[in-house]
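Have a look at the structure below, then the notes.
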Amino acid sequence: MSTSRRQFIKVSALGAGGVAVATSAYGFSDGFMSLFEERDNSPKKFKRTPTYCEVCFWKCAAWTHVDEQGSVVKLIGNDDDPQCNGRLCPRGTGGVGMYNDTDRLKTPLIRVAGVDGQLDTFRKATWEEALDLVAFKMNEIKEKYGPESFSLLKHGSSGSHFEHLFKAYGSDTIGEPAYAQCRGPRETGFSTTFGNWVGSPEPTDIRDTKCMVMIGSHIGENMHNTQVQELADSIDNDVTLITVDPRASTVASKSKYWLPIKPATDMALLLAWMNVIIYEELYDKAYIEKYTLGFEELKEHVRGFTPEWAYGITTIEPEIIRKTAREMGQAAPAVIIHPGRHVTWYGDDSQRERAMAMLNGLLGSWGKRGGFYLKEKLKIPKFPHPPYPHPKWGWEELGEKFPLAQMGLTNEIINASIPDRAGEHEVKAWFISGTNLINTIPDTYLTEQALDSLEFVVVCDTMPMEITGYADVILPECTYLERYDTIRSMTGREPSIALRMPAVKPKYDSKPSWWMAKQIGERLGLGAYFDYNDFADVLDWQLQQVGSSLEEMQRIGVKKYPRTSGPLYFENGEDFEFGTSSGKIELYSAELEELGFDPMPKFTAHPEPEDGFYRLIYGRAPMHTFSRTSNNPNLSDLKDENKVWVNPRVAKLWDLKNDQEVFLENQDGVVSQFPIKVRITERIRWDSVYMVHGFGHNNKNLTRAHGRGASDTRLITNVMMDPQMGGTGMRGNFVTFITDKNLVES
Ligand code: SF4
């Protein structure tokens, strides 16, 4: 096995070539609701089993329909599920494609070192061989360096099974990109203000809001089911939408105000809005008096941040800043400054999110109808197991220079896997579950350097994603339609649970992750942590503890529970304690001050593109989830490549034509691996370009996605770290065009 140079190798020699099965076209129109599933009322007989969707992490509950021949034919939303209200989004309906994808990983694979300078290869292995090897290496790493040196990097439902394994083994060196590469800064910004994480799903009371502000948040392209449904309802109820985005997103087209802000200046707009709301007395005085701390300090702080001051920075006219602030003030408290999701932009993201939280605080929207409701969740008891051992070090120590980090930072785990000058590195091995780090973590070079240095790498996935090419052992996971998983206990207006169970047997030689975790655990002598025969036993025991059973949930799929924590909203004047140390909404944060950070947010100017370069902005398409769905036969049928959006003024300057193929080169000389087609549109500012994330796959085993479009992740080599929680700001990268293919080295 190669340990000196873990070069990417293809698994192609062993996987059968795939044939695309294009099974559906959704034919959606411009309206939001037309994006959702159509019901099939045909009289055919199907067996239906409950599941919850894994195409994204919204986890909508659904019924899997299997025909008399045993084929999975369709997925339909569960009517009783408050997370989807009986309707799946187009991606969710396309979950059938995950099951049918002939490119799936089919059998365990083990890396074979190349001899005489030859490249490494993979060989097919039995499950016994693959699991024995993983357990052997886990024992070896534990003996040589301690279990903490084996890190788990995860995403999705499977991660929880391996998290249990790793904690039993003695390692909490665990990280997931959903934190440091996505939502972490907003959780810090909102918790330093309100004392609570926003969490997922966000407790935004969109259905009853009168005004919603979206800053770089593109609901509708970011297809989070209930939010989109509620937004459609609120549009029918004449909500005032204010969209701040350098790009005219789908939701911008539905908005009363589209503010095409100069990128990287959002903080100036937020401070100016606070200035107007305070100095025009648009805030709720009684709410501010009773529930907030530091109002006078904030008033003084924003005194100079007038709309005229912000105009010179943001390019948004003062009158528009005033008008939009007044719209918010008139709608308050039924107003939402949406926290967004992918918020790792410029490195001061926790402070930007804090400014958004403070604006919500000023408008009195927390705990109010049409603002943020008070969420609730049912606690599912843990299946009994011995206590976990205490690791000597783990994610907290690796991220200690970021005092407000509350989860493992993937980027710090990567850094700790790269040898220092003395050749030392703390992390020696990775177990990667359900996350394609190569297309997820910015500065791919660092990730590859870390992979090069590791002694052992395991990848568990359903698909031959790029990261599998760096593995020593590949464990093929069956899809969510073929397995039991943990009970989905959802936070919401009312608590609810949902069951995922297999609708069909796993295809090929794939297995569920709970089974893999148990098998590895038993080989490590940790059988007491996996004291059951089948995961169904665990689920039945847990369900019995919350007044249900496996039999009941197999029948109904979703169960709702009454609230026990009180009403959805609190009344003005009522005593209400926020989760901060003062029990109030902290407009001035003594905690931040003590840690050496600004107690109230300030505007910082960020680098600008040089002549001939444009800021790279990336986002989502409604039919795809990151890079994980771009090979899905149903979903790639809807969109099989990304394009680079270019303003007509820029297109003229470069003499670009629609659908012309170009390469993109970033400020550090990194060139996209594949060409990308140009889309000329007024919908993007002249100083920026835009592309949908998740394309440009270079693994030929992804037969539909290989070479289609460009990868934004490859072009993100400048990372601006958030000093509070370690998020990786990725919007400080600039690209230019290479129009002559001959100038690109192959
Ligand atoms: Fe699935 Fe769509 Fe729900 Fe995500 S929002 S879980 S993709 S149905």
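The values are calculated or read from the model by the stated rules, or taken from the named source; none is laboratory data. Worth saying up front: this structure is predicted, and the values here are computed from it rather than measured. Cβ sites come from the backbone with ideal geometry, for glycine too, and all protein chains shown count toward neighbours. Just so you know, the surface numbers come from the protein's heavy atoms only, side chains and all, with ligands and any DNA or RNA stripped out. Shrake-Rupley method; radii C 1.70, N 1.55, O 1.52, S 1.80 Å.
Of SER417, SER350, all but one fail to be assigned to a helix (DSSP H, G or I), buried (at least 23 other Cβ atoms within 10 Å of the Cβ) and at pLDDT 95 or above; the exception is SER350. Of the residues that make up segment 665-673, is at least one over 22 Å from THR315 (Cα atoms), open to solvent by less than 10 Å² (accessible area, probe 1.4 Å) and more than 16 Å from the ligand (Cβ to nearest atom)? Yes: one or more hits. If the condition is being away from the ligand (no atom under 16 Å from the Cβ) and part of a loop (DSSP other than H, G, I, E, B), then segment 610-636 contributes GLU610, ASP611, GLY612, PHE613.
Inspect segment 23-34 for any residue being within 15 Å of the ligand (Cβ to nearest atom), within 27 Å of THR226 (Cα to Cα) and at pLDDT 95 or above and give the result as yes or no. The answer is no, given that none of the residues of segment 23-34 is within 15 Å of the ligand (Cβ to nearest atom), within 27 Å of THR226 (Cα to Cα) and at pLDDT 95 or above. Restricting the first residue to segment 669-693 and requiring it to be in the same structural domain as ARG708 (by TED's automatic domain parsing), which pairs with a second residue that is open to solvent by less than 10 Å² (accessible area, probe 1.4 Å) and among the polar types (S, T, N, Q) meet a Cβ separation below 6 Å and a spacing of at least six or different chains? Taking only residues 6 or more apart or on different chains, the pairs are MET691/ASN642; VAL692/ASN642.
Do any strands (runs of 3 or more DSSP E) lying entirely in segment 639-746 carry at least 1 residues that are small (Gly, Ala, Ser), and which ones are they? So that I can check it myself, show each step before the final result.
Working: elements: 643-646, 661-666, 676-680, 688-692, 734-738.
In segment 639-746, 688-692 are the strands (runs of 3 or more DSSP E) which contain 1 or more residues that are small (Gly, Ala, Ser).
Quick check on my filter: what residues within segment 84-107 are farther than 30 Å from TYR561 by Cα and open to solvent by 30 Å² or more (accessible area, probe 1.4 Å)? Residues satisfying the conditions are MET98, ASN100, THR102, LYS106.
Here is a yes/no grid of residues against (1) over 30 Å from the mean Cα position of the chain (by Cα); (2) over 30 Å from LEU133 (Cβ atoms); (3) modelled with pLDDT of 95 or more:
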residue: SER496; (1), (2), (3): no, yes, yes
residue: PRO502; (1), (2), (3): no, no, yes
residue: PRO506; (1), (2), (3): no, no, yes
residue: ALA517; (1), (2), (3): no, no, yes
residue: TYR532; (1), (2), (3): yes, no, yes
residue: VAL538; (1), (2), (3): no, no, yes
residue: ASN572; (1), (2), (3): yes, yes, no
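Of all residues in segment 674-698, those satisfying the criterion of being within 19 Å of MET463 (Cα to Cα) and buried (at least 24 other Cβ atoms within 10 Å of the Cβ) are GLY694, PHE695, GLY696, HIS697. From the list ILE617, ILE585, the lone residue that is in contact (Cβ under 8 Å) with a residue 60 or more places away in the chain, farther than 30 Å from ARG91 by Cα and of a type in the set (A, V, I, L, M) is ILE585.
The residues of segment 227-244 that are open to solvent by 10 Å² or more (accessible area, probe 1.4 Å) and more than 16 Å from the ligand (Cβ to nearest atom), listed by number, are ASP233, ILE235, ASP236, ASN237, ASP238, VAL239, THR240.
Give HIS390, HIS342, HIS301 a once-over and let me know the one that is open to solvent by 30 Å² or more (accessible area, probe 1.4 Å) and at pLDDT below 95.
Numbers: HIS390 fails: at pLDDT below 95; HIS301 fails: at pLDDT below 95.
Unique residue meeting the criteria: HIS342.
What helices (runs of 4 or more DSSP H), lying completely within segment 256-305, carry at least 2 residues that are out of contact with any strand residue (DSSP E or B) (no Cβ under 7 Å at 6 or more places or on another chain), outside the structural domain of VAL689 (by TED's automatic domain parsing) and farther than 26 Å from SER217 by Cβ? So that I can check it myself, show each step before the final result.
Working: elements: 266-279, 285-291, 295-301.
Qualifying helices (runs of 4 or more DSSP H): 285-291, 295-301.
If I ask for residues that are within 16 Å of the ligand (Cβ to nearest atom) and either crowded, with 24+ Cβ neighbours inside 10 Å or closer than 18 Å to ARG555 by Cα (or both), which ones from segment 60-73 would you list?
Hits for segment 60-73 are CYS60, ALA61, ALA62, TRP63, THR64, HIS65.
For the residues ASP79, ASP103, the requirement of being among the charged types (D, E, K, R), modelled with pLDDT of 95 or more and within 16 Å of the ligand (Cβ to nearest atom) singles out ASP79. Filtered by the rule that a residue be open to solvent by less than 20 Å² (accessible area, probe 1.4 Å) and more than 23 Å from the chain's Cα centre (by Cα), segment 601-644 gives PRO601, TYR614. For ASP81, state whether it is out of contact with any helix residue (DSSP H, G or I) (no Cβ under 8 Å at 6 or more places or on another chain), buried (at least 24 other Cβ atoms within 10 Å of the Cβ) and of a type in the set (D, E, K, R). So ASP81 fits the description; yes.
State the number of residues belonging to segment 335-369 that are over 24 Å from GLY573 (Cβ atoms) and aliphatic (A, V, I, L, M).
To start, the set of residues in segment 335-369 that are over 24 Å from GLY573 (Cβ atoms) comprises 338-356.
Add one more test, that the residue is aliphatic (A, V, I, L, M), and what stays is 343, 355-356.
So the count comes out to 3.
Residues in segment 182-192: is at least one more than 16 Å from the ligand (Cβ to nearest atom) and touching a Lys or Arg at 6+ places or on another chain (Cβ under 7 Å)? Checked segment 182-192: at least one residue is more than 16 Å from the ligand (Cβ to nearest atom) and touching a Lys or Arg at 6+ places or on another chain (Cβ under 7 Å). Selection of segment 108-131 for residues being under 18 Å from GLY521 (Cβ atoms) and either surrounded by fewer than 16 Cβ atoms within 10 Å (Cβ to Cβ) or among the aromatic types (Phe, Trp, Tyr) (or both) yields TRP127, GLU128, GLU129.
Which one of these does PRO384 not meet: (1) closer than 26 Å to LYS256 by Cα; (2) open to solvent by 50 Å² or more (accessible area, probe 1.4 Å)? With respect to (1) closer than 26 Å to LYS256 by Cα; (2) open to solvent by 50 Å² or more (accessible area, probe 1.4 Å), PRO384 is out only on (1).
Restricting segment 204-226 to residues that are open to solvent by less than 10 Å² (accessible area, probe 1.4 Å) and over 22 Å from GLY329 (Cβ atoms) leaves a set whose member that is modelled with the lowest pLDDT is MET223.
Quick check on LEU378: is it open to solvent by 10 Å² or more (accessible area, probe 1.4 Å) and in contact with a Phe, Trp or Tyr (Cβ under 9 Å, 6 or more places away or on another chain)? Outline the logic, then answer.
Details: open to solvent by 10 Å² or more (accessible area, probe 1.4 Å): yes; in contact with a Phe, Trp or Tyr (Cβ under 9 Å, 6 or more places away or on another chain): yes.
Spelling it out, LEU378 is indeed open to solvent by 10 Å² or more (accessible area, probe 1.4 Å) and in contact with a Phe, Trp or Tyr (Cβ under 9 Å, 6 or more places away or on another chain).
Of the numbered conditions (1) open to solvent by 10 Å² or more (accessible area, probe 1.4 Å); (2) farther than 18 Å from SER157 by Cβ; (3) within 21 Å of the chain's Cα centre (by Cα); (4) not β-branched (Val, Ile, Thr), ALA422 fails exactly one; give the number of that condition. Only one criterion is unmet by ALA422, namely (3).
Scanning segment 35-59 for residues that are away from the ligand (no atom under 14 Å from the Cβ), polar (S, T, N, Q) and modelled with pLDDT of 95 or more returns a single hit, THR49.
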